[in-house]
Amino acid sequence: MNWEALTALATLGTFFVVALSAFAAVKQLRHLQAGNQSAQALAMMERWSSQEYRSIMRYINTELDGKMQDPDFRAGLEEARVDNQTHPELMVCGYWEQIGSLVKLGAMTEAACMDMASYQVLSMWNKLSPTIAIMRRKRGPSLFDNFEYLAARAQLWEESHADTYPKDTPRMPIVDIWAPDNT
């Protein structure tokens, strides 16, 4: 065997080793990305289910509408520094702002976020958009725009995913023993 043939075989062998290494690297990157997605989803759910978040949600759902009737309460939203003790609803705005940024930038998949939270996003947007509107008077339309983006994507998701249950999986039987017609 001459040197030229040996060099050609060595080059071909090197090509295969590099190609296999590249394939393995791409596969490993996909696994890392999946791990990051899982970590983000778990962090989102952990924060979402925290006592603090649930307490603020209860406040938003039971007290905020009444407080918004007070002109002084609304005026507090236009101040340069809004007091988070007086306006805890802004912590939920900030939470969805962060999640919206992750989704918009591709750090969290839209499908994972929306499958878990589209209803919650829309519910909070509908409750909090009057608050955001007041704040945007002085701060402009970019305030909580990632939250707005997330709500717009959630609206589209809800419209196109009315039934998200996998079609190839049978449903489990459910008996509503408390239904009015079961008595």
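How many residues, within region 118-167, are assigned to a helix (DSSP H, G or I), in contact with a Lys or Arg (Cβ under 7 Å, 6 or more places away or on another chain) and among the hydrophobic types (A, V, I, L, M, F, W, C)?
The total comes to 1.
So how many residues does region 89-122 have that are in contact (Cβ under 8 Å) with a residue 60 or more places away in the chain and more than 27 Å from LYS67 (Cα to Cα)?
Total meeting the criteria: 7.
What number of residues in region 100-124 are surrounded by 21 or more Cβ atoms within 10 Å (Cβ to Cβ) and β-branched (Val, Ile, Thr)?
So the count comes out to 2.
Can you tell me which of (1) within 17 Å of the chain's Cα centre (by Cα); (2) modelled with pLDDT under 95; (3) surrounded by 11 or more Cβ atoms within 10 Å (Cβ to Cβ) is the one GLU97 doesn't meet?
Here GLU97 meets the rest and fails (2).
The values are calculated or read from the model by the stated rules, or taken from the named source; none is laboratory data. Values in this document were obtained by computation on a predicted structure and should not be read as measured data. Backbone-built Cβ (ideal geometry, glycine too); neighbour counts: all protein chains shown.
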